[in-house]
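Trainee: I have a structure here, written as structure tokens, and I will follow up with some questions on it.
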Amino acid sequence: MKRVTVDELLEKARRPARLATVYHSFYGGKIQVMAKCPVRTFYDFAIWYTPGVAAPCRKIKENPDLSFEYTNRWNFVAVVSDGSRVLGLGNIGPEAGLPVMEGKALLFKYLGGVDAFPLCVSAKTKDELVQFLKWIEPTFGGINLEDIEKPKCFHVLEEAREALNIPVWHDDQQGTATVVLAGLINALKVVGKKMDEILVSIIGVGAANTRTAIVLMRAGVKPENMIMVDSKGILHQNRKDLEERKEENPWKWEFCLKTNGEQRTGGIPEAMKGTDVCIAASRPGPGVIKPEWVSSMADDAIVFACANPIPEIWPWEAKEAGARIVATGRSDFPNQINNSLGFPGIFRGVLDVRAKTITDDMCIAAAKALAEYAEERGLREDYIVPLMSEWEVYPREAVACALESIREGVARIKPSRQELWERAVTIIKNARESVHILMKKGLIRPPPPEEQVLKGEERAAEARG
């Protein structure tokens with residue numbers, strides 16, 4: 001694996017950021033609303049609006065589920081955030097979080113054909129957020145929660161899933177868990193180990209690893225075979241600090257009671273010793289995980305170092321220390337654990353059956369679809385999950401999630417597997433091709449050349465200096 005310096009990585013990471021301000025201003029944002037029905041003459045507005053629109057309104061009043069048929073609700077997703085925990089930026093507020101949510105909406109459309117709307121709100125408490133979600137439910141077929149601080153995000157997800165009759169998903173939790181599980185399924189195949197036999201160290205107990213731990217247990221990892229570490233050390237039954245806060249974060253206290261069958265104490269090195277798998281979603285490195293701690297793991301160790309922009313340990317360091325498979329959150333290293341592999345296809349599937357919820361079993365179904373897609377293309381130590389560019393994986397995920405929704409009895413409609421496949425492929429292809437046609441026709445203008453932008457930035461910096 002090629003070594004790179006910290007400066008080289010940081011420069012590569014800074015390049016998109018240096019372009020972003022100019023490009024965002026150039027386009028005035030990243031998404032817009034466009035018509036999907038024809039306007040042949042102005043007479044058509046009598047059909048699409050008053051007086052003709054009254055007819056579907058009356059039908060929906062008699063049966064609210066017809067809103068999925070007579071409107072675009074079947075394909076609407078709200079991307080909701082309070083801006084309290086924006087990745088890499090912290091609590092920057094709802095206005096500053098809006099560019100992130102617009103970007104999420106762009107990914108939803110281009111990868112999954114989903115019409116997503118960024119809704120950044122000034123809610124301060126979990127009760128205000130849940131109430132907001134209840135208020136907007138009649139417009140949307142699903143809700144994607146994003147960048148909400150913990151433990152608020154846990155409470156909002158659980159309460160909203162109970163209260164609403166549409167899928168509610170927190171990508172920082174369920175999205176990460178889905179792709180981690182997909183990678184782990186295939187990594188275990190490569191090294192020849194079984195899910196119900198492995199010993200797993202989990203570094204970091206934030207939003208991502210909390211749901212990852214829950215999903216891994218559901219997928220077959222034994223709770224007693226998981227050793228979890230937060231900023232103060234290993235979770236165990238005598239963590240009085242967490243017992244005192246169990247009302248605030250019951251999930252973390254439950255981990256203290258259910259995991260760590262050996263009742264280990266200490267920190268990261270003690271947690272990793274002898275484990276088959278290490279899943280880290282903690283703080284940017286390098287040096288958070290040391291090579292000698294990887295060397296203390298079992299033979300054929302698997303290390304997922306998912307912090308951004310710098311993983312907890314450099315991949316080549318982990319490899320040299322004995323890890324057989326290494327994954328990170330970065331696109332410039334092999335085996336990127338990327339949430340964008342999950343949410344577009346998963347929402348495509350649950351929307352296509354008008355599902356009432358998203359369950360952990362649907363996440364597992366999506367993870368298995370991701371894993372199978374990669375396996376069909378040939379598993380290697382440096383290829384355990386699909387690439388974002390392999391667009392066919394998204395309809396595969398969609399069908400898997402839709403069928404699981406039907407199996408669990410939470411789907412409003414029940415198309416066949418073939419119908420689901422053809423629908424997902426058509427919608428996703430149309431979304432991608434629409435962007436390319438608009439670019440070809442000049443309706444989406446090409447951005448200023450990158451080098452021109454970068455040189456302009458450098459000249460401005462010199463003038464300020």
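Trainee: Which one of Phe347, Phe343 is aromatic (Phe, Trp, Tyr), in contact with a strand residue (DSSP E or B) (Cβ under 6 Å, 6 or more places away or on another chain), crowded, with 24+ Cβ neighbours inside 10 Å and modelled with pLDDT of 95 or more?
Mentor: Selected residue: Phe347, the only one of Phe347, Phe343 that is aromatic (Phe, Trp, Tyr), in contact with a strand residue (DSSP E or B) (Cβ under 6 Å, 6 or more places away or on another chain), crowded, with 24+ Cβ neighbours inside 10 Å and modelled with pLDDT of 95 or more.
Trainee: May I ask you to list pairs of residues, at least six apart or on different chains, whose Cβ atoms are under 7 Å apart, with the first in segment 29-52 being closer than 22 Å to Leu119 by Cβ and the second being outside any loop (DSSP other than H, G, I, E, B)?
Mentor: Gly29/Glu102; Lys30/Glu102; Lys30/Gly103; Lys30/Leu106; Ile31/Glu102; Ile31/Ala105; Ile31/Leu106
Trainee: To continue, here is another question. When the residues of segment 223-253 are filtered to those that are among the β-branched types (Val, Ile, Thr) and touching a Ser or Thr at 6+ places or on another chain (Cβ under 6 Å), which remaining residue is farthest from Thr210 (Cα to Cα)?
Mentor: Result: Ile234.
Trainee: Next question. I'm trying to understand the selection: among the residues of segment 82-109, which are over 14 Å from the mean Cα position of the chain (by Cα), crowded, with 20+ Cβ neighbours inside 10 Å and either of a type in the set (A, V, I, L, M) or within 27 Å of Asp352 (Cα to Cα) (or both)?
Mentor: Lys109
Trainee: Let me ask something else about it. Only one residue in Ile310, Ile302 is out of contact with any Ser or Thr (no Cβ under 6 Å at 6 or more places or on another chain), in a strand (DSSP E or B) and either closer than 16 Å to Gly204 by Cα or in contact (Cβ under 8 Å) with a residue 12 or more places away in the chain (or both). Which one?
Mentor: On the way: Ile310 fails: in a strand (DSSP E or B).
Every option except Ile302 fails the conditions.
Trainee: If you scan segment 110-142, which residues turn out to be under 30 Å from Val435 (Cβ atoms), in contact with a Phe, Trp or Tyr (Cβ under 7 Å, 6 or more places away or on another chain) and of a type in the set (A, V, I, L, M)?
Mentor: Within segment 110-142, Leu111, Val114, Ala116, Val121 meet the criteria.
Trainee: Tell me the strands (runs of 3 or more DSSP E) entirely within segment 128-217 that contain at least 1 residues that are over 30 Å from Asp300 (Cβ atoms), aliphatic (A, V, I, L, M) and in contact (Cβ under 8 Å) with a residue 24 or more places away in the chain. Give the derivation first.
Mentor: Working: elements: 142-145, 168-170, 200-203.
Because the criterion is at least 1 residues that are over 30 Å from Asp300 (Cβ atoms), aliphatic (A, V, I, L, M) and in contact (Cβ under 8 Å) with a residue 24 or more places away in the chain, the strands (runs of 3 or more DSSP E) in segment 128-217 that meet it are 142-145, 168-170.
Trainee: Is it the case that Leu387 is closer than 23 Å to Tyr110 by Cα, out of contact with any Leu (no Cβ under 7 Å at 6 or more places or on another chain) and not in a helix (DSSP H, G or I)?
Mentor: Against the criterion (closer than 23 Å to Tyr110 by Cα, out of contact with any Leu (no Cβ under 7 Å at 6 or more places or on another chain) and not in a helix (DSSP H, G or I)), Leu387 qualifies.
Trainee: Could I ask something else about it? Please go through segment 145-156 and give me each residue that is out of contact with any Lys or Arg (no Cβ under 7 Å at 6 or more places or on another chain) and either more than 20 Å from Ser122 (Cα to Cα) or buried (at least 24 other Cβ atoms within 10 Å of the Cβ) (or both), ordered by number.
Mentor: Within segment 145-156, Leu145, Cys153 meet the criteria.
The values are calculated or read from the model by the stated rules, or taken from the named source; none is laboratory data. Quantities reported herein were computed from a predicted structural model and do not represent experimental measurements. Virtual Cβ from ideal backbone geometry, glycine too; neighbours counted across all protein chains shown.
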